[in-house]
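Asks: Sharing a structure below in structure tokens format, with a few things to ask.
The values are calculated or read from the model by the stated rules, or taken from the named source; none is laboratory data. Remember, predicted model here, so these are calculated numbers, not experimental data. All Cβ positions, even for glycine, are placed from backbone atoms using ideal geometry, and neighbour counts span all protein chains on display.
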Amino acid sequence: MNFDEYRAHDATGLAKLVADREVSAAELLEVARERAAAVNPRINAIVRDVPAPSSEAVSGPFAGVPFLIKDLAQDYAGLPTSAGSRALKSAVAPEHAAVVQRWLDAGLTIFGKTNTPEFGAKGITEPLAWGPARNPWDLSRTPGGSSGGSAAAVAAGIVPCAGANDGGGSIRIPAACCGLVGLKPGRGLTPSGPATGESMHGAAVQGVVSRTVRDTAAMLDVLAGGEACGPYVPAVPAESFASNVGADPGTLRIGVRIPSAITPNPDPEAYAAVAATVAALTELGHHVEELPVAPFDDAALARDFLLTWFVYTAWELDEAKRVSGAGDDAFERDTLILAAIGRATSSVDYVDAVQRRHEHTRRLTTFFESYDVLLTPTLATPPPRIGEFDLPVALQRASDVLIRTRTARLLRHTKLVDDIIDKNLGWVPYTQLANLTGRPAISLPLHWTASGVPLGVQFVAPLAGEALLIRLAAQLEQAMPWADRVAPI
């Protein structure tokens with residue numbers, strides 16, 4: 001099999017070829033590795049090799065299909081999970097993560113781990129530990145984050161699907177940047193163990209980025225379900241998620257919102273992405289209505305999201321120090337700043353922010369009394385340039401002084417938090433809602449900008465709305481096909 005033949009199939013299609021004995025797992029792995037050797041030096045998507053099994057005796061719905069896992073919260077026994085940090089580049093995982101074991105049980109051939117920002121704390125993937133990942137559609141731009149390496153690898157054709165996870169948009173943002181499908185499942189549907197019961201109070205979940213809706217649905221079938229050490233017994237539907245591909249979603253009531261309190265004037269390309277989607281939805285018979293105001297307090301939600309993120313970063317940094325014995329010099333400046341702000345947050349303020357998630361959830365629940373789905377852009381701007389979010393030199397020096405003198409906590413009482421909101425969430429103000437409320441959401445590649453880079457659109461559904469999102473996504477995939485679009489790398 002040559003690369004063009006390989007690239008013409010999604011993971012479901014490759015699995016069928018293996019099952020029908022038209023190609024072997026070894027042949028597929030050889031093509032995947034050859035493609036990685038050809039493009040990874042330019043996109044820096046894969047940061048660590050995983051020894052692939054030598055035996056062809058694999059079984060499962062994806063038997064023999066090459067696959068990559070994210071180097072964050074997707075532990076592979078016997079190999080380090082760096083979480084994008086220099087401090088953890090040698091921290092060996094003692095056991096497989098539950099999701100990794102499920103992928104192995106499904107027959108996938110895992111042969112590498114993908115690039116991610118330190119602790120997954122950014123919507124871009126530019127860690128000092130590994131260097132920046134790059135977008136195959138435009139190498140000067142980010143593939144997003146924190147699952148940026150996985151998305152870049154899929155968009156470049158190394159694999160048809162790759163492991164990802166999402167605590168604030170980390171599946172959907174890179175999917176939108178790289179022209180892929182990115183489904184964030186609802187809280188508790190996929191496992192986080194065995195190392196942890198749930199991450200970020202359930203805001204962070206496991207999933208994939210892929211080229212097709214049917215791969216995303218079938219991968220959710222592989223991952224969905226609780227585990228013995230988990231906090232929930234999730235309600236998994238009787239029918240498979242894959243069976244929803246091609247099923248009629250019915251006539252849906254869809255509310256549309258583009259401006260946000262964080263970004264009141266999104267890029268015209270974000271409007272164009274939604275306009276094209278609205279036209280397709282209307283043609284398909286759905287009732288689409290523009291919302292005069294957001295169905296939730298997006299400014300308050302952003303503050304609550306970042307406050308809890310700061311505290312969680314402080315915990316992650318301290319945990320990494322305990323595991324590795326590393327000092328501050330093993331961590332990135334931005335991480336140290338976020339952690340310092342987190343430590344300066346009182347326990348009462350932290351719990352208050354966590355408790356307010358219920359207020360955001362109730363507001364969104366009220367919206368779903370009148371609408372079936374919320375539609376937004378996934379990104380407020382096209383994917384940013386590599387290095388665009390680097391701190392100015394003067395601020396770098398000032399921050400270094402504060403870190404050295406252990407007075408960085410004072411930054412919490414400055415306008416820095418507002419600046420972080422504006423700078424880091426300004427281009428992605430839409431994704432955190434689904435994480436804090438625990439609702440499922442999906443980004444679909446329904447728009448390419450005039451310069452030829454993707455900019456996705458997002459759909460958010462009520463609780464247990466994964467099947468609805470899959471039905472709607474598959475319908476749009478038929479109406480506005482994207483899988484045959486190939487990145488120019």
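Asks: Could you look through the stretch 38-55, keep only residues that are in contact (Cβ under 8 Å) with a residue 60 or more places away in the chain and among the hydrophobic types (A, V, I, L, M, F, W, C), and pick out the one that is surrounded by the most Cβ atoms within 10 Å (Cβ to Cβ)?
Replies: Selected residue: A45.
Asks: Only one of these is aromatic (F, W, Y) and within 16 Å of R385 (Cα to Cα): W137, W130. Name it. Steps first, please.
Replies: On the way: W130 fails: within 16 Å of R385 (Cα to Cα).
None of the other options fit; the residue is W137.
Asks: Considering every residue within the stretch 38-58, establish whether at least one is assigned to a loop (DSSP other than H, G, I, E, B), charged (D, E, K, R), in contact with a helix residue (DSSP H, G or I) (Cβ under 7 Å, 6 or more places away or on another chain) and closer than 25 Å to S192 by Cα.
Replies: no
Asks: Looking only at the stretch 269-309, which residues are β-branched (V, I, T), assigned to a helix (DSSP H, G or I) and surrounded by 14 or more Cβ atoms within 10 Å (Cβ to Cβ)? Don't jump to the end; show me each part of the working.
Replies: The initial filter retains those residues of the stretch 269-309 that are β-branched (V, I, T), namely 274, 277-278, 282, 288, 293, 308.
If we keep only those that are assigned to a helix (DSSP H, G or I) too, we end up with 274, 277-278, 282, 308.
Of everything in the stretch 269-309, those that are β-branched (V, I, T), assigned to a helix (DSSP H, G or I) and surrounded by 14 or more Cβ atoms within 10 Å (Cβ to Cβ) turn out to be V274, T277, V278, T308.
Asks: Let me ask another. For L436, only one of the following conditions fails: (1) outside any loop (DSSP other than H, G, I, E, B); (2) modelled with pLDDT of 95 or more; (3) among the aliphatic types (A, V, I, L, M); (4) over 19 Å from the mean Cα position of the chain (by Cα). What is its number?
Replies: L436 satisfies every listed condition except (4).
Asks: Something else: Give me the pairs: first residue in the stretch 221-243 and free of Cβ contacts under 8 Å to residues at least 12 places away in the same chain, second residue assigned to a loop (DSSP other than H, G, I, E, B) and not hydrophobic (A, V, I, L, M, F, W, C), beta-carbon distance under 8 Å, and six or more apart or on different chains, which are they?
Replies: What qualifies is V233/G226.
Asks: Could I ask something else about it? Would you mind finding the one in A247, A224 that is at pLDDT 95 or above, out of contact with any Phe, Trp or Tyr (no Cβ under 9 Å at 6 or more places or on another chain) and among the aliphatic types (A, V, I, L, M)?
Replies: Answer to the check: A247.
Asks: If we keep just the residues of the stretch 126-158 that are within 12 Å of the chain's Cα centre (by Cα) and within 20 Å of F310 (Cβ to Cβ), which is surrounded by the most Cβ atoms within 10 Å (Cβ to Cβ)?
Replies: Ranking the qualifying residues of the stretch 126-158, first place goes to S146.
Asks: Out of the stretch 234-254, which residues are touching a strand residue (DSSP E or B) at 6+ places or on another chain (Cβ under 9 Å) and either basic (K, R) or not in a loop (DSSP other than H, G, I, E, B) (or both)?
Replies: R253, I254
Asks: Does L252 count as more than 21 Å from the chain's Cα centre (by Cα), modelled with pLDDT of 95 or more, within 20 Å of A474 (Cβ to Cβ) and not aromatic (F, W, Y)? Explain how you work it out, then say what you get.
Replies: Numbers: more than 21 Å from the chain's Cα centre (by Cα): yes; modelled with pLDDT of 95 or more: yes; within 20 Å of A474 (Cβ to Cβ): yes; not aromatic (F, W, Y): yes.
Yes.
Asks: Restricting to the stretch 62-76, name every residue that is of a type in the set (A, V, I, L, M, F, W, C) and within 17 Å of D49 (Cα to Cα).
Replies: Within the stretch 62-76, V65, F67, L68, I69, L72, A73 meet the criteria.
Asks: Of all residues in the stretch 7-33, which are charged (D, E, K, R) and either part of a helix (DSSP H, G or I) or under 14 Å from A57 (Cα atoms) (or both)?
Replies: Listed by number, the residues that qualify are R7, K16, R21, E27, E30, R33.
Asks: Let me ask something else about it. So, in the stretch 3-37, how many residues would count as being surrounded by fewer than 19 Cβ atoms within 10 Å (Cβ to Cβ) and under 22 Å from A129 (Cα atoms)?
Replies: Going through the stretch 3-37 one residue at a time, the tally reaches 1.
Asks: How many residues does the stretch 283-300 hold that are without any contact (Cβ under 8 Å) to a residue 60 or more places away in the chain, aliphatic (A, V, I, L, M) and in contact with a Leu (Cβ under 6 Å, 6 or more places away or on another chain)?
Replies: 0
Asks: Need the failing condition index for G182 against (1) out of contact with any strand residue (DSSP E or B) (no Cβ under 6 Å at 6 or more places or on another chain); (2) modelled with pLDDT of 95 or more, just the number.
Replies: (1)
Asks: For the stretch 321-368, enumerate the residues that are over 22 Å from the mean Cα position of the chain (by Cα), crowded, with 18+ Cβ neighbours inside 10 Å, farther than 30 Å from A294 by Cα and of a type in the set (V, I, T).
Replies: Correct list: I337 only.
Asks: For D318, all conditions in the list (1) of a type outside the set (S, T, Y); (2) surrounded by 15 or more Cβ atoms within 10 Å (Cβ to Cβ); (3) within 21 Å of K122 (Cβ to Cβ); (4) at pLDDT 95 or above hold save one; what is the number of the exception?
Replies: (2)
Asks: Right, next: Could you list, in sequence order, the residues of the stretch 82-121 that are crowded, with 20+ Cβ neighbours inside 10 Å, modelled with pLDDT of 95 or more and more than 22 Å from L29 (Cβ to Cβ)?
Replies: Hits for the stretch 82-121 are S82, A83, G84, S85, A87, L88, A98, T116, P117, E118, F119, G120.
Asks: I'd like to check something: does the stretch 181-202 contain any residue that is touching a helix residue (DSSP H, G or I) at 6+ places or on another chain (Cβ under 7 Å) and more than 24 Å from A98 (Cα to Cα)?
Replies: No, there is no match, as no residue in the stretch 181-202 is touching a helix residue (DSSP H, G or I) at 6+ places or on another chain (Cβ under 7 Å) and more than 24 Å from A98 (Cα to Cα).
Asks: Could you tell me how many of the residues in the stretch 221-233 are surrounded by 18 or more Cβ atoms within 10 Å (Cβ to Cβ) and assigned to a loop (DSSP other than H, G, I, E, B)?
Replies: 4
Asks: If you go through the stretch 90-145 one residue at a time, how many are under 29 Å from D422 (Cβ atoms) and part of a helix (DSSP H, G or I)?
Replies: Matching residues across the stretch 90-145 total 3.
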